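Beneath this line is the structure, given in structure tokens, with notes to follow.
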Amino acid sequence: MNGFVENLPLLSVITFTPLLGVLLLLTIRADDPEIVARNSRWVTLWVTVGTFLASLLIWTNFDSSTADFQFVEQAAWFPEFGISYHMGVDGISMLFVILSTFLMPLCVLASWDAIKTRVREYMIAFLILETMMVGMFCALDMVLFYVFFEGVLIPMFLIIGVWGGARRVYAAFKFFLYTLTGSVLLLIAILAMYFVAETTNIPTLMTTDFPFQMQFWLWLGLFASFAVKVPMWPVHTWLPDAHVEAPTAGSVILAGVLLKMGAYGFLRFSMPMLPLASEYFTPLVYGLSIVAVIYTSLVALAQEDMKKLIAYSSVAHMGFVTVGIFAATQQAVQGAIYQMLSHGVVSGALFLCVGVVYDRLHTREIGRYGGLVNNMPKYAFVFMLMMMASVGLPGTSGFVGEFLILTGVFQVNTWVSLLTATGVILGATYMLYLYRRVIYGELVKEDLKDMLDLSRREIAIFAPLCVVVMWMGVYPMSFLVVMEASVTKLITDYHAALDANALASGLVDGVRLALGR
Amino acid sequence: MTALPNLTPAYAEMFLAIAGMALLMVGVFRKSDPVRGVTMLAILAFAVAAVLSISTNGAETVTFNGLFVVNAFTGFAKLLILLGAGLAMLLALPWARNEGVSRYELPVIMVFAVLGMMMMVSANNLISLYVGLELQSLALYVLAAFNRGNLKATEAGVKYFVLGALASGLLLYGSSLVYGFSGTTSFAGLADALTGAESNAGVIVGIVFVICGFAFKVSAVPFHMWTPDVYEGAPTPVTAFFSVAPKIAALCLFLRILVGPFEDLMVQWRQVLTVICVASMLWGAVAAIAQNNIKRLMAYSSIGHVGYALIGLIAGTQEGARGMIYYMLIYLFMNVGTFAVILSMRVKDRYVESIDDLSGISKTNPAISLALTALMFSMAGIPPLAGFFGKYFVFAAAVNSGLIPLAVIGVLSSVIGAYYYLRLIKIMYFDESAESFDCPDYSTSLVMGVCALAVVVFIFLPEPLLAGADAAAAALFQG
């Protein structure tokens with residue numbers, strides 16, 4: 001069994017199984033659209049569950065004692081240009097692969113009844129999306145990475161535009177063009193890196209020394225793309241629109257995985273490849289992140305739309321993540337990754353919570369709800385757990401990430417740590433306020449009284465999410481241990497590069513001093 | 001002295017010339033409706049010419065006293081031209097039947113136009129270049145006005161002819177200046193005469209005129225004014241032909257002449273071309289936004305694409321040439337595929353051209369809308385589709401030649417351009433459905449399917465497609 005797994009190109013299997021699912025869906029032939037829809041749902045569910053189970057094999061076979069890339073596959077692709085099909089995962093990317101495959105079956109379940117038109121096309125779009133996401137986290141070649149990174153836009157554009165809400169066209173265009181604008185600058189940066197290193201192989205680029213002047217521009221190119229994806233203030237404005245208009249499952253993937261792509265980009269490219277520029281721009285990132293944490297939290301407080309509120313809270317939480325990454329200490333970076341994983345699960349779950357009541361009442365306006373605890377106790381429990389995890393209550397996943405980040409940042413910069421910490425308080429404010437208005441109070445509105453509690457399908461969706469949130473909160477070591485070696489290497493290399501540079505410039509100064517000029 | 005020149009390299013051209021004349025005879029003397037037969041024979045002639053061109057493809061050979069050259073580059077360019085023309089001809093077949101066109105001249109003139117293009121890319125002397133170019137242009141003027149009863153088509157033909165004649169004049173004038181200041185018209189002689197010479201004002205003015213003439217032929221801004229009108233006025237299969245074959249021919253010639261005889265004046269022509277290239281990319285992207293006729297939209301789209309292809313030329317390196325050839329190859333499939341979609345836009349036996357006619361066809365004609373979606377995302381340069389790689393390689397060449405600002409302008413204009421490609425997808429998928437289209441013809445569907453599939457699966461099998469392009473670019477930079 002072990003030999004079989006070792007010989008299997010596991011990452012390619014996980015990446016391209018959903019594409020096989022697409023081919024399978026295309027073969028469904030039936031005159032009755034209802035039969036096509038039902039078959040599409042089941043096929044997609046089984047394909048995504050299968051992909052998830054296969055991805056667990058990476059975890060069980062993962063060697064967490066090394067920082068090297070594992071399950072590496074390499075094949076010629078555009079040999080003339082030094083571009084290869086190169087896949088592999090390390091402690092940083094592995095868990096994101098699992099996160100993507102984990103959320104996917106839940107999204108299919110969440111769309112079971114909510115999507116009634118063009119079900120097959122919807123499922124095809126989601127399966128393509130899964131291929132792109134998984135491929136992106138596994139890619140070890142910058143061009144391959146870019147192909148997956150940008151390829152996400154195509155299915156997401158269609159998901160928002162076809163199955164979205166009232167202003168879906170506007171939101172879809174905004175999402176697409178905003179992201180594309182940032183990404184094309186990333187492309188130029190990739191080309192410039194290729195120009196120096198003659199390859200787009202990520203492990204090679206990590207050991208390439210770029211001159212500071214070049215790092216400066218490259219970093220800005222990468223930042224343009226990743227900051228939009230994260231999204232960082234002030235380029236976050238596409239996010240509320242996209243979230244509000246997207247169907248529930250689309251929001252889950254957007255918040256759960258797509259937002260992580262930007263932060264993952266910082267970890268995979270900006271920090272290891274451009275350490276000098278990363279250090280140079282750290283104050284900028286701090287500044288933008290602090291604004292994001294405080295400002296968007298306040299904006300979230302003023303929202304009347306549930307999805308919009310959670311969307312803004314995502315921006316604030318991702319502010320924590322960017323602060324943690326650029327603090328560049330072991331705890332902060334591990335905390336940032338942990339926070340991303342936790343946020344992926346929790347914000348996904350919160351969007352699903354919104355989806356539950358939206359499916360029943362077809363409105364997301366907070367004022368239309370109230371007193372749901374009376375007739376939906378199970379729902380109130382799930383919502384409460386996820387809300388607490390979002391706030392960062394000890395014992396839930398949110399606490400671990402935020403605590404590690406704040407501890408790590410505190411060692412580097414107390415003021416940044418202090419200002420970021422205000423986000424925890426503000427987060428508690430808007431989340432508790434939301435919870436009170438939706439769940440508590442008197443059940444007075446007539447149409448609310450008829451609302452049913454969670455169905456069995458919905459319980460099946462939320463149960464795994466609740467388990468994971470508690471597990472991540474109570475026993476974080478099972479996740480932290482996986483990423484430890486890779487993060488240590490990242491931090492060590494980063495500081496080594498900075499020290500080497502400081503030494504070099506110190507030498508130049510010393511020589512100048514000795515010569516007396 | 002009286003010995004016959006070596007004819008072997010020119011077999012393909014000679015065959016096509018004879019085939020064109022023979023087809024004319026067939027058309028005249030055939031009693032029953034000759035259109036279908038002549039069209040099929042013309043496609044066959046293209047196929048034979050392609051085989052002949054491949055079989056003579058090898059080491060560089062010069063013949064006809066240095067007027068005519070073949071090498072891997074011209075061979076590949078001819079293949080592209082023949083492929084584009086053949087696919088366009090396949091589209092013309094059902095069109096002629098549906099429209100009840102009983103004039104067999106269309107395929108014959110197309111054969112002659114292709115012959116002119118093949119002569120052009122093989123030209124090794126300013127004189128033979130001009131002869132080839134004029135044969136092509138005269139054939140194209142006729143094609144543009146082929147629907148002679150239609151006001152728009154007539155306008156298109158006249159506009160194209162007047163502006164085209166002007167461009168030819170510019171080209172000729174530039175050639176004469178180059179000749180006057182260097183003393184030769186042969187490419188090899190020009191390369192010798194211009195090597196290391198101090199940049200001569202007369203030659204530079206001459207080159208600028210030559211570039212203007214070519215810019216007209218490839219419809220680059222600011223010589224693009226004819227393009228939207230001609231695209232709209234000409235019959236759709238002819239437009240498909242216009243958008244690929246002559247462009248590929250002129251771009252290939254552009255490449256050959258600028259990195260061949262005029263290589264040492266790169267600093268000078270690069271400035272001119274950069275302006276043309278930037279203007280084409282930006283104007284192609286911006287002006288297309290306001291179009292409602294899909295053929296006009298494609299006209300502006302092709303203007304933009306020429307701008308991107310020119311980036312490879314401006315880089316002036318072998319890598320750039322390779323990127324440009326890739327770009328043309330991918331562009332060919334994207335464009336012909338899109339025109340196949342346009343030709344399947346038929347409502348109640350009538351061709352429609354407004355982009356609003358596409359509304360909601362994802363429900364009524366899912367296959368067509370899927371194909372067009374793939375093609376549009378590809379045109380916008382979104383990975384993993386082929387169009388992305390076309391752009392990637394020209395931008396890579398530009399960055400490697402230190403032309404980062406040009407690359408940045410290029411990618412940003414591609415974002416602007418993405419808007420109108422997305423708009424078509426939006427109309428198909430997000431809008432309410434209008435009337436559904438008639439079932440497309442067999443050959444139209446075939447062309448559409450092949451092109452869309454090529455665009456999608458390119459990522460999995462790039463090697464065989466690109467091997468020829470690599471050899472072609474290498475041949476260009478041997479000397």
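The values are calculated or read from the model by the stated rules, or taken from the named source; none is laboratory data. Everything numeric in this text was worked out from a predicted model, so none of it was measured. Quick reminder, even Gly has a Cβ in these numbers, built from the backbone with ideal geometry, and neighbours come from all protein chains shown. Ligands, DNA and RNA are stripped out before the accessible areas are found, and what is left, the full protein with its side chains, is counted by its heavy atoms. Shrake-Rupley method; radii C 1.70, N 1.55, O 1.52, S 1.80 Å.
Some notes on this structure:
- For A:Q70, distant residues with modelled amide H under 5 Å away: A:V89, A:D90
- Compared with the alpha-carbon gap, the fully stretched path from B:V158 to B:S354 is longer by 68.2 nm at 0.36 nm per residue.
- Positive dipole terminus of chain A, leading residue within A:A502, A:A316, A:S397 (C-beta point charges): A:A316
- Other protein chain Cβ atoms within 10 Å, averaged over every residue that makes up B:383-390: 5
- Whether segment B:1-57 is rounded, prolate or oblate, judged on the alpha carbon gyration tensor where a/c under 1.5 counts as rounded: oblate
- Within 10 Å of each Cβ in A:176-187, the average number of Cβ atoms from other chains: 5
- A dipole drawn for segment B:409-479 from +1 and -1 charges on Cβ atoms has a positive end, and of B:L453, B:A434, B:Y420 the residue lying farthest that way is B:Y420.
- Distance from the C-alpha centroid of segment A:10-37 to that of segment A:462-506: 37 Å, rounded to the whole angstrom.
- Think of segment B:8-477 as a dipole: +1 on every Lys or Arg Cβ, -1 on every Asp or Glu Cβ, centred on the Cα centre; then among B:I368, B:A249, B:L406, B:I368 lies furthest on the positive end.
- Length available on full extension from A:N61 to A:T407: 0.36 nm per residue minus the Cα-Cα distance, which gives 121.4 nm.
- Radius 14 Å from Cβ of B:P246, net charge of other residues (Lys, Arg +1; Asp, Glu -1): +2
- Cut-off 16 Å (backbone N to label point 7 Å along Cα→Cβ of A:A502), residues of segment A:279-297: A:279-283
- Accessible surface of B:R423, taken over heavy atoms with a 1.4 Å probe and every protein chain present, rounds to 40 Å².
- Scalar couplings 3J(HN,Hα) for segment A:268-283, obtained by applying the Karplus form with A = 6.51, B = -1.76, C = 1.60 to θ = phi - 60°, are 7, 10, 4, 5, x, 8, 10, x, 5, 5, 4, 5, 4, 8, 3, x Hz; x denotes Gly and Pro.
- Available extension along the chain between A:L284 and A:L24 is 88.8 nm, counting 0.36 nm per residue and deducting the alpha carbon span.
- Residue-averaged beta-carbon neighbours from other chains (10 angstrom radius) around B:397-404: 3
- Spatially, segment A:92-165 and segment B:368-437 are offset by 20 Å when compared through their Cα centroids.
- Each helix, a run of at least 4 DSSP H residues, gives -39500 (n - 2.57); summed and divided by the residues of the protein assembly as shown, these come to -25000 deg cm²/dmol at 222 nm.
- Pairwise FRET efficiency - A:L393 versus A:L418, Cβ, R0 = 22 Å, nearest 0.05: 0.60
- Among the listed pairs B:K159/B:K426; A:K174/A:K307; A:K308/A:K489, those with a Cα-Cα distance over 27 Å are B:K159/B:K426; A:K308/A:K489.
- Assuming charge only on the beta carbon of Lys and Arg (+1) and of Asp and Glu (-1), the dipole of the protein assembly as shown about its Cα centre is about 1560 debye to the nearest 20.
- Pairwise FRET efficiency - A:W46 versus A:E446, Cβ, R0 = 30 Å, nearest 0.05: 0.15
- Sites B:Q318 and B:A165 - FRET efficiency at Förster radius 35 Å, r taken between beta-carbons, to 0.05: 0.50
- Positive minus negative residues near B:V399 (Lys, Arg vs Asp, Glu; Cβ under 14 Å): -1
- Applying the criteria of a DSSP loop state and at most 12 other Cβ atoms within 10 Å to the GluC sites (Glu not before Pro) of segment A:423-512 yields A:E442.
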